[in-house]
Structure formats: C-alpha cells, structure tokens
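Below is one structure; the comments refer to it alone.
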Amino acid sequence: MTEEFTPGAVDETGLDGYSHGTAVASIAAGVRLPDPGSAGYGVAWGADIAMFSLPLGSGGGPYNPVVVEALATVDAEDAALFEQALSWRDGARKVDILNLSFGYQGLIDRYTEQELRDYYGATLAALAQADAEEKTILVWAAGNAHGDECDPSTSDYCRYEALNAVSPNIMAGLPTFIEELRGHTLAVVALDPADGRIASFSNRCGTAADYCIAAPGADVRLAYFGPHRGEVVRGFGTGEGTSYAAPMVTGGLAIMKQLFRHQLSNTDLVTRLLATADRTGPYEDSAIYGHGSMDLGAATSPVGVLELPVGGTVGQNGFSLPSTGFQSGTAFGDGLQQSLASRQIMALDDLGAPFWYGLGRFAPAARGMPVAARLRGFLAAEPGWAGPAGAGAMGKAGPDSNEVPVTLHIARVETTAEVRGSHLALAEGGVKATLAGQGGLSAAAFTTKGDAARKPAVGAAVSWRRAGLPLGVRAGWIGERETLLGSVGQGAFGDLAGDTAFVGVDAGTDLGRWRIGANAELGMVTPAARGGLVTRVSSLATSAFALHATRALAGSGALRFSVSQPLRVESGRASLTVPAGRTKAGAVLYDAVAAELAPSGRQMDIAGEWHRPLAWGELRLGAVYSHRPGHSEAAGPETTFLAGWRRDF
C-alpha cells in the first residue's frame, strides 16, 4: 500500500476524528487476517492499494446544494487533484479503479450540462481522461442525503423539510449529462442488509440510473482508526453510508479484473458488472436501484453458452464448449489427455468474457474394453477351438491347396482374442466376407456401413498360408471417414478420419495336446483432421498381438488361455491451435500446442475360457485379467468374469 498527499492534506493522528479513508480502503481490499472470524477483510482482500489523502469537509448537516459559481472557484484545484491520482505510477503499476467516497452536496437534477461545462470544465476534462490509453474506472458514492433536513426554497425535492434524494449527488451523477464520462463511471447507492432494500439514508439512482448500481452500505464491517473513549484505537467496527457501498463495488471490479486476467478492458468490466446485476423483485425499480443489486457471483460466472472461438475477434461464431471433446479410442489410451493435461483453453461467454479450463478434461483417457464388447466376443463363434484335430483359421493347415475349392464365408466381425490382436478391431460389429482360394491365398472385405450404431469403416485384407506351413502372412487396409482409430472428434476438435495400412503374421502349431497360435500386426495410419483445433496429425505407428493356447478336453469341450495386447498407438503427434486468451481490444490469442499421442502404458489382457457343448447349446465360462487397461500407466488392474450360453440357429 502506498499513500499520496494532495495539496492541503495532513497526516491523520487519530485524535481529531476517525479515518474515513482507512475504513473505505479496508472494505475494498483489506488484508485477510489469520483469524477472519474476529476481523473483517476486504472484498478484494490483498489487492494493491494507492491511497490519496485529501482534506474533506465535515459532511452531514442540512441539505445545502453547491451552486455552480462555487464550483468554478475549485475547478482548477479539483482538476489537479484528480490528475494527480489518475497519473499515479509505481513502476508499471497504475490506478485501475479509483474509489471516490466523497463529493459535493446537490442532486444532479438541479444542474444542467451547460452549467457544468461552463463552470467545472477543467475537472470534467480530467475525469474524462481523453488521452489515456485505458481510462481508469471511477466509482462514486451516490450520497447520503435522503431524509436530510432541507429548505423547500433550495430544492424541488424537499418535502416536509426532509429531502427526497431522488438522484445521486452532483459528482456521482455527472454521467447523466457528460457523455465522455459514460462507460467508466459508476454511481453506487446503499442497501440495508436487514431487508435488502435501499437504505433509508441513501440517495437513489434517479436520472443516473443507466450508470448506477446498488451494493450493501449499512452495518458494514470495516477497519477503524480514530478516537475511542479518549484513546487512539486501531481496530474494527461497523458503519453505514454510500461511502461504504462504493468500495464494495470497487473491490468487486478488482476481483473481476484479476479473474479475467486483465484481458477485459475497464469499460468491459463496468458493462459486465451492470449487465449481471440482480434486477429481480424490488430491484426492478431502476429509479431507485439503477441496474439493480451488484451480483459478484453472476459477474464472475459465464453468461449464456460458452463458446470456443475459431476466428480472430471476439463475437464471431465458435464451437459450443459443452459439445466439444475428443472421445478417445482404446488405441490412444490416455496419450492425448496426458499431453494436454498442463494446458488450458479459453472459452468466451455471451458477453465476451474469457474463462479458462484444463484442456485435458476434453480428451478423457479411453477406458478398457467395455464388458458388453467382451461378452460379445466371448460368445462369438471362434474357429480352431477343436484343438489339434480341428481345422480353421488358427487350426491346422488344410489338405493340399490344389484340392481346396474356392469358398465364400460371410460373418460379423466379433471381438475375439484374435480380433483384439488385429486392426480388424476397428471394424468390430461390421460384416466381413472372406473368399478362400487355392494355394492358401484368401481375401476379405469388411464394412460397418448400414449399422447405425457404428461409425463407417471399410477395408480389405489378403492373407496367405500355404498348407503344411506353421506361418502365414497378411496385409490390409482400413478406411475410417468419421473416426481415427476409433476416436471421435466433437465440436471444436473438428472432423477426424484416417487410412490404416497394416501387415501381420499368423502362426499355429501343435505342442502335445495343445494347439498354440499367435498373430501380430503393425500398422501405419495416415490421419486427416478438418475444421477444428487439430490442425495436423502426423503418421501414426500402431501395433496389436495375441498369443493363445487351446486344448480339447476328454469327451467334449475345450480349454483356452490367451494373452493379447489390444490395438495401441506406438508413436505419433498432433498439432493443435488453441484459443488461449484475448486482448482488451477484442482480438483472440492462440497458442500452438504439440501433443504426443502414444499412451503412457500398455494394456495386456490375460484370459482363460472353458467351453462345454450340451444338448441345447454350449456353456461358456471365462475370466479376463487386464493389466493397465486403456493403455494407462496409472490405471489399476481389472478382472472380469464372464458366463454365457451360446446356441446356433
């Protein structure tokens, strides 16, 4: 805190009277003490304060409005006083908000614009701050003249020798006539907290209603420095007056300035405070309350729908914040969330105010495979389960290729252990048509189109495994037009798509009574990102594999164990352009963000299954233990028990 003495001001001793300035400053920004229950603290406690000490009259007494000719005699002096305060500097710091809990008697209604300009022009020019890069906000106490003793000959509002203070005093009411003071000047009337209505002593907003707001001004806790029972006391007390309502507003504006990171202009802050005031109930009466009762909670909360801007200036259409997100597929795990965890994104409300949110919250980590998907794969028809004597995709090679006819097989792509170890997981739930020919060569095509519950994906693959060989190879392509490895961009994340080329191997051999099989794939993804925060995604490297052992049981049934890694991004990076702030002039500022996409962990699924054919179908029991589900290093293990009955029709 710093203190400046204006001409004629003297240091306060605490003997002649209490310190009005100390009380006012404590309400606006008094520090918070360790025991707040025993002491008051300011609205914007801890804010920097520059105090300007100036001589004041005694105040109170009968209503005696100042005449404009008298204003002319103090015009130069007042102008100098305000210029001193408004030009104050301490390094880069200056006065952002000037609280003015003093003034001259006289309702603004009794003066005219021309009179004020003719007799008080120098002061008006100082308050207008025409040459300032940004104008300091002026917060005026409206006055405590309501009910004061008055002479009907001096005021049209004197009734029964008591003043009906229908408008603020002259200084607080200046914006009524002086256009260049509008936008950065506020008049504050006082509320009585006992009933929330206008305090009995307070002036009303009246003709200054457009520039006026109400705040608590009675029974206000404040710091006290002054005489008490013959001694100088430093302590706390209570007081009333618009002098104490004004610093409530000043403190509120200081909080807003800090909350919005100094990115709103002072004019924007004033406009917002007035626009968010409570105008319900009695506060609808603008002649008394102006814009209503100050609602700092509303002023510091989003108004309307938050949007993420995409243009260069505030006010352009953007993306709705609630509808924005990146729904990660399992392959990405927590990669994007981890990369964005330390970043923030700015959204704008309907009044153009900025609010910041953690960017990582919009890209939550993928969870492990849902139980429903596991159950579908658990109940799927899986070739090769007959063990060493069987045949099929993972069983023994069939007869000599010259004797194998061309066959066509159509089935749904189920989430079996083999599919979990394959890029085919991207087409889970789709339809696959497989054409097997001679020489161990086969081709497959698959699509999810026509399934309203699935995002469109199409693809094809060829595989070769010659009879008698334990090893086969395959290669394929998958095209996603609304997803990227199963991930979906929403709102500001734009549209994502990708083309994936993959190669893999299949292996199978008998080991005693067990049939041992394996498949592994590597992929390369060419992503596309359009119309959102994501400006570019590099090529992505992917992997998936599965190992399994199957044994036919005596009589009937089979037992299988498997270890598999679901599809995972091994490397890749995304570039994002993220709204990070705004200037006071309304330009949107953006940050370039680079995000690594590989997840922090590697999911491994260990599964055991038992199948037993019965007269009316097949009973299946199983369990899956997932280590680091969702490819997240921080995720705890999960165990899923499965039971089902399968019957073919």
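The values are calculated or read from the model by the stated rules, or taken from the named source; none is laboratory data. Here the structure is a predicted model, which means the values were calculated and not measured. Positions of Cβ are backbone-derived with ideal geometry, glycine not excepted, and every protein chain shown enters the neighbour counts. Heads up: the accessible areas ignore ligands, DNA and RNA and are worked out on the full protein's heavy atoms, side chains in. Shrake-Rupley method; radii C 1.70, N 1.55, O 1.52, S 1.80 Å.
Could you tell me whether the stretch 397-420 includes any residue that is modelled with pLDDT of 85 or more, of a type in the set (S, T, N, Q), in a loop (DSSP other than H, G, I, E, B) and under 41 Å from the mean Cα position of the chain (by Cα)?
Taking the stretch 397-420 first, the residues modelled with pLDDT of 85 or more are none.
Taking every residue of the stretch 397-420 in turn, none turns out to be modelled with pLDDT of 85 or more, of a type in the set (S, T, N, Q), in a loop (DSSP other than H, G, I, E, B) and under 41 Å from the mean Cα position of the chain (by Cα).
Test Leu435 against the stated conditions and say whether it is surrounded by fewer than 19 Cβ atoms within 10 Å (Cβ to Cβ), at pLDDT 85 or above and either in contact with a strand residue (DSSP E or B) (Cβ under 7 Å, 6 or more places away or on another chain) or charged (D, E, K, R) (or both). Show your work before the answer.
Details: surrounded by fewer than 19 Cβ atoms within 10 Å (Cβ to Cβ): yes; at pLDDT 85 or above: yes; either in contact with a strand residue (DSSP E or B) (Cβ under 7 Å, 6 or more places away or on another chain) or charged (D, E, K, R) (or both): yes.
The answer is yes for Leu435.
Of Arg89, Arg117, which residue is without any contact (Cβ under 8 Å) to a residue 12 or more places away in the chain, open to solvent by 50 Å² or more (accessible area, probe 1.4 Å) and either of a type outside the set (A, V, I, L, M) or closer than 24 Å to Ser243 by Cβ (or both)?
On the way: Arg117 fails: without any contact (Cβ under 8 Å) to a residue 12 or more places away in the chain.
When all the criteria are applied, what remains is Arg89.
What's the number of the condition Asp268 fails, among (1) assigned to a helix (DSSP H, G or I); (2) on the phi > 0 side of the Ramachandran plot; (3) of a type in the set (D, E, K, R)?
(2) is the only condition that Asp268 fails.
Any chance you could count how many residues in the stretch 549-559 are in contact (Cβ under 8 Å) with a residue 60 or more places away in the chain and open to solvent by 10 Å² or more (accessible area, probe 1.4 Å)? Before the answer, list the steps.
To start, the set of residues in the stretch 549-559 that are in contact (Cβ under 8 Å) with a residue 60 or more places away in the chain comprises 550-552, 558.
Now narrow it down to the ones that are open to solvent by 10 Å² or more (accessible area, probe 1.4 Å): 551-552.
So the count comes out to 2.
Looking at the stretch 174-197, which of its residues are within 16 Å of Ser286 (Cβ to Cβ), in a helix (DSSP H, G or I) and open to solvent by less than 10 Å² (accessible area, probe 1.4 Å)?
Pro175
Can you tell me which residues in the stretch 584-634 are in a strand (DSSP E or B) and among the polar types (S, T, N, Q)?
Within the stretch 584-634, the subset in a strand (DSSP E or B) is 587-596, 604-614, 617-627.
Of everything in the stretch 584-634, just one residue is in a strand (DSSP E or B) and among the polar types (S, T, N, Q), namely Ser626.
How about the stretch 124-149: which of its residues are open to solvent by less than 40 Å² (accessible area, probe 1.4 Å) and farther than 19 Å from Ile97 by Cβ?
At the first step, the residues of the stretch 124-149 found to be open to solvent by less than 40 Å² (accessible area, probe 1.4 Å) are 124, 126-129, 134, 136-143, 145, 148.
Leu124, Gly143, Ala145, Asp148, listed by residue number.
From Ala287, Ala223, Ala246, Ala254, which residue is open to solvent by less than 10 Å² (accessible area, probe 1.4 Å) and either within 12 Å of Val189 (Cβ to Cβ) or touching a strand residue (DSSP E or B) at 6+ places or on another chain (Cβ under 9 Å) (or both)? Talk me through it step by step, then tell me what you get.
On the way: Ala287 fails: open to solvent by less than 10 Å² (accessible area, probe 1.4 Å); Ala223 fails: open to solvent by less than 10 Å² (accessible area, probe 1.4 Å); Ala254 fails: open to solvent by less than 10 Å² (accessible area, probe 1.4 Å).
The unique qualifying residue is Ala246.
Among the listed residues Val537, Val525, Val624, which satisfies the condition of being free of Cβ contacts under 8 Å to residues at least 60 places away in the same chain and buried (at least 20 other Cβ atoms within 10 Å of the Cβ)?
Working: Val537 fails: free of Cβ contacts under 8 Å to residues at least 60 places away in the same chain; Val624 fails: free of Cβ contacts under 8 Å to residues at least 60 places away in the same chain.
Just a single option satisfies the conditions, and that option is Val525.
Only residues in the stretch 450-476 that are aromatic (Phe, Trp, Tyr) and modelled with pLDDT under 85 count as the first member; pair them with residues that are assigned to a loop (DSSP other than H, G, I, E, B) and open to solvent by 40 Å² or more (accessible area, probe 1.4 Å), Cβ under 7 angstrom, at least 6 apart or cross-chain, and list the lot.
Filtered contacts from the stretch 450-476: no entries.
Going by what's in this entry, would Ala298 be described as free of Cβ contacts under 8 Å to residues at least 24 places away in the same chain and either touching an Asp or Glu at 6+ places or on another chain (Cβ under 8 Å) or open to solvent by less than 40 Å² (accessible area, probe 1.4 Å) (or both)? Quick ask: steps written out before the conclusion?
Details: free of Cβ contacts under 8 Å to residues at least 24 places away in the same chain: yes; either touching an Asp or Glu at 6+ places or on another chain (Cβ under 8 Å) or open to solvent by less than 40 Å² (accessible area, probe 1.4 Å) (or both): yes.
Yes; evaluated as a whole, the condition is true for this residue.
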